[in-house]
Amino acid sequence: MRHFLIGAFALLMALPVSAAEIGDDGLHKQPWMRDTFKDLREDLNEANAEGKRLVLFFEQRGCIYCQQMHEEVFSDPGISDYIAENYFVVQLNLHGDIEVTDFDGEALPEKDMARKWRVMFTPNILFLPEEVPEGQNALEASVAVMPGAFGKGTTRDMFTWVAEKRYLLDNGEDFQRYHARMIQERSNGSTD
């Protein structure tokens, strides 16, 4: 009996802390992801009306890096709550067939839009400004792109850097310098 209990305990410890929800499309889901008609002009207007920033989040079925982000990063209430409060997130499928209408008016299936925007792997997150100049597509208009899976600190810093519009500041602190400063501050115990 004792060996059974030890084995059962070891099995429980091997399970993921929180399994991310998977949708019918095979993509990981978060409560802050929006189900929209994927007309980016409409999504941007809705994001602005809510005082949030539009984010396009590419994933694909079976993506182990997407799973890692959902289970290890987005499971952190501080990060998840920050995204929910500040961002309007539209999830896109790298190999999907749902039509997306870009800011320039071109309508393509998700998989073709991914090619247009040069998205080659997942996860891939495009951060959009509040206003997109006439004729620009999402990639051209994006203020930042987060290509790949990153840990909690990098993810939190990127979402914060964009939300605070630090890319507009003329102080020479691009994302890499900002992120390095945040790492230093966290190691000194001056931030969470």
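The values are calculated or read from the model by the stated rules, or taken from the named source; none is laboratory data. All figures in this text were calculated on a predicted structure; none of them were measured in a lab. As a convention, Cβ positions derive from the backbone with ideal geometry for all residues, glycine included, and neighbour counts pool all protein chains shown.
Within the range 142-167, how many residues turn out to be in contact with a His (Cβ under 7 Å, 6 or more places away or on another chain) and free of Cβ contacts under 8 Å to residues at least 24 places away in the same chain?
0
Do you know which residues across the range 23-67 are at pLDDT below 95 and outside any loop (DSSP other than H, G, I, E, B)?
Passing the criteria: none in range.
Give the residue that is nearest to the chain's Cα centre (by Cα), with candidates limited to residues of the range 153-189 that are among the charged types (D, E, K, R) and either part of a helix (DSSP H, G or I) or closer than 23 Å to Pro77 by Cβ (or both).
Arg156
Just one of the numbered conditions (1) farther than 26 Å from Met113 by Cβ; (2) without any contact (Cβ under 8 Å) to a residue 60 or more places away in the chain; (3) crowded, with 16+ Cβ neighbours inside 10 Å is not true of Glu72; which one?
It fails just one condition, (2).
Take the residues of the range 111-161 that are over 24 Å from Glu46 (Cβ atoms) and among the hydrophobic types (A, V, I, L, M, F, W, C): which is surrounded by the most Cβ atoms within 10 Å (Cβ to Cβ)?
It comes out as Ala149.
Out of all the residues in the range 89-109, which are of a type outside the set (Phe, Trp, Tyr) and touching a residue at least 60 places away in the same chain (Cβ under 8 Å)?
Correct list: Gln91, Asn93, Gly96, Ile98, Glu99, Val100, Thr101, Asp102.
Just wondering, is there one or more residues in the range 116-137 that are under 18 Å from Phe74 (Cα atoms), in contact with a helix residue (DSSP H, G or I) (Cβ under 7 Å, 6 or more places away or on another chain), among the basic types (Lys, Arg) and modelled with pLDDT of 95 or more?
Checked the range 116-137: no residue is under 18 Å from Phe74 (Cα atoms), in contact with a helix residue (DSSP H, G or I) (Cβ under 7 Å, 6 or more places away or on another chain), among the basic types (Lys, Arg) and modelled with pLDDT of 95 or more.
Which of the numbered conditions does Ser190 fail, given that it passes all the others? Conditions: (1) over 30 Å from Gly62 (Cα atoms); (2) out of contact with any helix residue (DSSP H, G or I) (no Cβ under 6 Å at 6 or more places or on another chain); (3) modelled with pLDDT of 95 or more.
(3)
Which of the residues that make up the range 81-126 are small (Gly, Ala, Ser) and over 18 Å from the mean Cα position of the chain (by Cα)?
Gly105, Ala107 - these are the residues of the range 81-126 that are small (Gly, Ala, Ser) and over 18 Å from the mean Cα position of the chain (by Cα).
Do we find that Glu106 is under 19 Å from Leu40 (Cβ atoms), loosely packed, with under 13 Cβ neighbours inside 10 Å and not basic (Lys, Arg) in this structure?
Yes: the conditions hold for Glu106.
Please count how many residues of the range 85-139 are under 27 Å from Arg166 (Cα atoms) and part of a strand (DSSP E or B).
Result for the range 85-139: 10.
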